[in-house]
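Reviewing the structure listed below.
Laboratory data are not the source of any read-out in this text; all were calculated from the coordinates shown. Quick caveat, the model's predicted, so the values are computed rather than measured. Glycine also receives a Cβ, built like all others from the backbone with ideal geometry; neighbour counts cover every protein chain displayed.
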Amino acid sequence: MAKVDTSARLAHLRQLMQKHEVDVYVIPSEDAHSSEYIAPTDARRAFLTGFTGSAGTAVVTQEKAALATDGRYFNQAASQLDDNWTLLKQGLQDVPTWQEWAVEQAEGGKSVGVDPTTITAPEGKKLGEKIVKKGGKGLVPVVANLVDEVWGAKKPGRPNEGVRVLGLEYAGKKWEEKVEELRKELEKKKAAGFVVSMLDEVAWLFNLRGNDIPYNPVFFSYALITPTTVTLYVDESKLGAKGKEHLSGVSIKPYDAIFSDLTALVKSDEPVTNGTAHTSSSSSPPKRKYLISTKGSWALSHALGGEENVEEIRSLIGDAKAVKNDTELEGMRQCHIRDGAALSEYFAWLEEQIHSGTQLDEVQAADKLESIRKTKDHFVGLSFDTISSTGANAAIIHYKPEPGSCSTIDPAKIYLCDSGAQYLDGTTDTTRTLHFGQPTPMEIEAYTLVLKGHIALELAVFPKGTSGFAIDAFARQFLWAYGLEYRHGTGHGVGSFLNVHEGPIGIGTRVQYADVPLAAGNVLSNEPGYYDDGNFGIRIENMFMVKEVQTKHRFGDKPSFGFEHVTLVPMCRALVDVALLTEREREWVNAYHAEVLEKTGVFFKQDERTRRWLERECAPY
């Protein structure tokens, strides 16, 4: 991971900061839709800093520059940042958050600037209050993005890919039904309307999929749903005749018109209830507010007139989207069978190549896996950059191998592959850790402890109302008992032919995971790991679905939930210390492998290499 000299970029940015009378400038990773994964045109933080990880925030003053990121990216950031930057390792003791660092720099009457489309309304409000409290001038919206000006003509253009209609055989519910259900929620909250700003939420609501952001089947858009109107803000040319027919009854407006429309809407003080305007007389009902997601931008809130007209809530669509319907759940089951077969075919091929002495680098291996996936029914593309990593690279949690600079796969070292695909009927994300030679005792011990945690989480039974925050320790307990740990969450929500990382649910130590209880129909990952920096990394990741389970008792008349896995790829036999497994854990592994063999083995009737590999790896203990 080569460093980029950022001196000239920072010098140019600081000139622009002076011009706009900004002392401190914040550059988030996100785009105007709070997207985790972004289009190249929105990769401002990566351009300015040279750090290409998906999470992090840069803060620049006239004298200093800092980059804050979490434990997944400590190694990557340290290797990519040049000497202009201070790395703020978020989550470590005595390390300030980027907000705290920015507030400290603003002390003494200084101002902090940010592009208001790249920071959420709650974050903007909270940060502004902290700055003022500590003696700064406050948070200033800088409408012209300063990094864009530094980037200049070399900045990639905004993508304009076509949009496809997702059929009912995959979506399971008409978009009109989803809108009516949303309107019922608006009525409960006595709201004037809901501004849909997250790209995956727009795609899900209208049963549309796009290709504007790599690996994420979304398209640049906003939507406004009121009790009487449905408006989609998108470049009309993206829809085509089929898309326009599908959206019959929806008003289509240009993507950038959202801000002026919102401002005009609140100024007109019209359809706030049943499409009827009200007056300002004392006998009038209270003015209904517009809802925006807590992920909605500060710019959207400002366009609506701020707190007087806006209520920020956890997205109604996000909550609904996280609970998959029966069609989506069955699609997840089916696509994981095909995807599991692709991975087994790949691992069998890779082992044969390595044992025959073929020199393969990490990118060549990843390309082979993609070529196998492409042969499977309903394949659309990958769901993220494949993490194909050998030896020390496997300890870099979000490692991305690059052609020409990646490593050759070493048969004497751990190989970690974290990969996924987009299919019309679902989204996959699977990690397997393998060894093609003789693993060390520490590698075997660590792998087995991770496996035990993986099994414990899948076997967990918990009452309705339990959050992912509450059950995270199930997966870490065995590592903890040995004084080991991992610096990432244990599970994330997964979309249905949508974003591979999907809120609001998750399993981990982040406080937000305590806010939303798990519900039947949720689809999440189960991915504990262990990373020995400079030596090896281990992660085991399956997708599983929350389902209701029967228990002997029913305390408080609450139902109980458990999990159903859908990922079907063998665990690495060479890395398991069976002596560390309990009888129940051994039975789980044997039953899991029997299921893998039964459901994916049918793909290999004419493929002796993969069939032999699969039968060997799935043999009972």
So what's the net charge close to T408: Lys and Arg +1, Asp and Glu -1, counting the other residues with Cβ under 15 Å from its Cβ? -3
7 Å from Cα along Cα→Cβ at both R314 and D607: what's the point-to-point distance in nm? 4.1 nm
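Quickly rank 146-155, 122-131 as a protection proxy: mean count of other C-beta atoms within 10 Å, highest first.
Details: 146-155: 15.2, 122-131: 18.5.
Answer by packing, highest mean first, reads 122-131, 146-155.
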Please give the helix 583-600 orientation as an angle from the longest Cα principal axis of the chain, in degrees from 0 to 90, rounded to the nearest 10. 80 degrees
Segment A412-K464, extension gain: residue separation times 0.36 nm, minus the distance between their alpha carbons: 14.1 nm
Structure-based [θ]222 nm, the chain - -39500 (n - 2.57) summed over DSSP H runs of at least 4, per residue, nearest 500: -10500 deg cm²/dmol
By how many degrees, 0 to 90 and rounded to 10, does the Cα axis of helix 468-481 deviate from the longest principal axis of the chain? 40 degrees
Spin-label point model (7 Å from Cα, Cβ direction): what's the K19 to K3 distance in nm? 2.9 nm
Hey, what did the chain get for relative contact order, percent, Cα under 8 Å, at least 6 apart? 11 percent
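Over 21 Å between C-alpha atoms is what I'm after, so list which of K321/K599; K178/K321; K376/K599 land there. Don't skip to the end; give the middle numbers.
On the way: K321/K599 28 Å; K178/K321 10 Å; K376/K599 15 Å.
Too far apart for the 21 Å limit: K321/K599.
Count of lysine pairs in segment 124-172 with Cα atoms under 15 Å apart, counting only pairs 8 or more residues apart in sequence or on different chains?
Values: K125/K133; K125/K134; K125/K137; K126/K134; K126/K137.
The result is 5.
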In whole angstrom, how far apart do the alpha carbon centroids of segment 447-487 and segment 235-266 sit? 45 Å
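Pull out the extension gain between K188 and H355, defined as 0.36 nm times the separation in residues minus the alpha carbon to alpha carbon distance; nm, one decimal. List each step's numbers first, then the result.
Working: separation 167, 0.36 × 167 = 60.12 nm, distance 6.33 nm.
Roughly 53.8 nm would be gained on extension.
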Could you check the spin-label model distance between L484 and D533? Points 7 Å from the Cα along Cα→Cβ, value in nm. 1.8 nm
Give me the extension gain from Q334 to A153: residue separation times 0.36 nm, minus the current Cα-Cα distance, reported in nm with one decimal. 60.6 nm
Taking Cα atoms, the helix 326-355 axis meets the longest principal axis of the chain at an angle in degrees (rounded to 10) of 50 degrees
Report the residues of segment 391-422 in range of a label on T375: point 7 Å along Cα→C-beta, backbone N strictly under 19 Å from it. 420-422
Residue list for segment 208-223, given a label point 7 angstrom along the Cα-to-Cβ vector of N325 and an amide N cut-off under 15 Å: 208
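Taking Cα atoms of segment 578-621, Rg/Rh with Kirkwood Rh, to two decimals? Before the final figure, lay out each step's value.
On the way: Rg = 11.9 Å, Rh = 11.1 Å.
Taking Rh as the inverse mean 1/r over Cα pairs, Rg/Rh reads 1.07.
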For the ranges 485-494, 366-375, 573-582, what's the packing order if you count other beta-carbon atoms within 10 Å of each residue, average per peptide, and put the highest first? 485-494, 366-375, 573-582
